[in-house]
Amino acid sequence: MGIKCMVVDDEPLAIKVLEKHIMQVPDLELVSTFDNPITAGDFLQNTAIDLLFLDIQMPVVTGIDFIKNTTIQPKIILTTAYREYALEGYELDIIDYLLKPISFIRFYKSINKYKALNTTIEPIAHKSSEIDTISDHIFVNSNKRMIRVEFNNILFIDSIKDYVRIHTADDTIITKDKISSFVEKLPSYFLRVHRSYIINTGKIASLTSKDVVLLGGMEIPIGASYKEIVNLIKN
């Protein structure tokens, strides 16, 4: 089930940037956008929203005023061009604070913060899935053994039919699973660049074109719908 999102900002360009970012993350669903916080508040009375991207500096009602005076609230990520509002925002129990212009990488980190706060991780002994996320590593069920893989050692992950391969500098670990299950379990510096590939952005050696990423000597294809993400990394 997707994460239902809403954007409230009086700047049309700021709304468009967030719309594009939301579209790049498969499990996010943009329900509505508003340039008026009063109208947005009325909408929230009748519609369930999981995550709200809320601008601070708006005429009539600021984002801070909105938080303080709205009884029905989803989780909130504040967006603004002014760093000085950060402390007050965090005192109101927001998820994150994004400074404009908002890059996709920074946006993606905020989404992972939201997911981390809304995901309950069970102990390995009681978990039925193939992968468990713990701290700085994962345990992968491969050939009837639970193998520990450090996040920092992963170069990239790819999928072949019903199997996923985790590539490190020294090994390739194969497990029966879907690549989509890895997206939510990895730290924010991992990025899906193709329906069959996830890369560790910290291992990028160079970006030679719009179509490939050279990662530890490997050429990783970039899917057509992910090209904008690559451009954001380059910038």
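The values are calculated or read from the model by the stated rules, or taken from the named source; none is laboratory data. Because the structure is a prediction, the values reported are computed rather than measured. Please note: Cβ atoms are built from the backbone with ideal geometry, for glycine as well, and neighbour counts cover all protein chains shown. Accessible surface areas use protein heavy atoms only, side chains included; no ligands, DNA or RNA. Shrake-Rupley method; radii C 1.70, N 1.55, O 1.52, S 1.80 Å.
The table for this structure:
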item	result
Spherically averaged projected area of segment 13-52 from its Cα convex hull (nm²)	3.0
Viscosity 0.692 mPa s, 37 °C: Kirkwood-radius Stokes-Einstein D of segment 29-119 over Cα pairs, µm²/s	242
Carbon and sulfur %, accessible surface of segment 13-90 computed with the full protein complex present, 1.4 Å	53
Amide hydrogen neighbours beyond the local backbone of L98, cut-off 5 Å, H modeled	L78, T79, T80
Assigned charges on the beta-carbon of Lys, Arg, Asp, Glu; segment 1-114 dipole about Cα centre (debye)	380
Rg followed by Dmax, in Å, when segment 146-185 is reduced to its Cα trace	9.6, 26
V164, V17, reordered so the largest accessible area comes first (probe 1.4 Å)	V17, V164
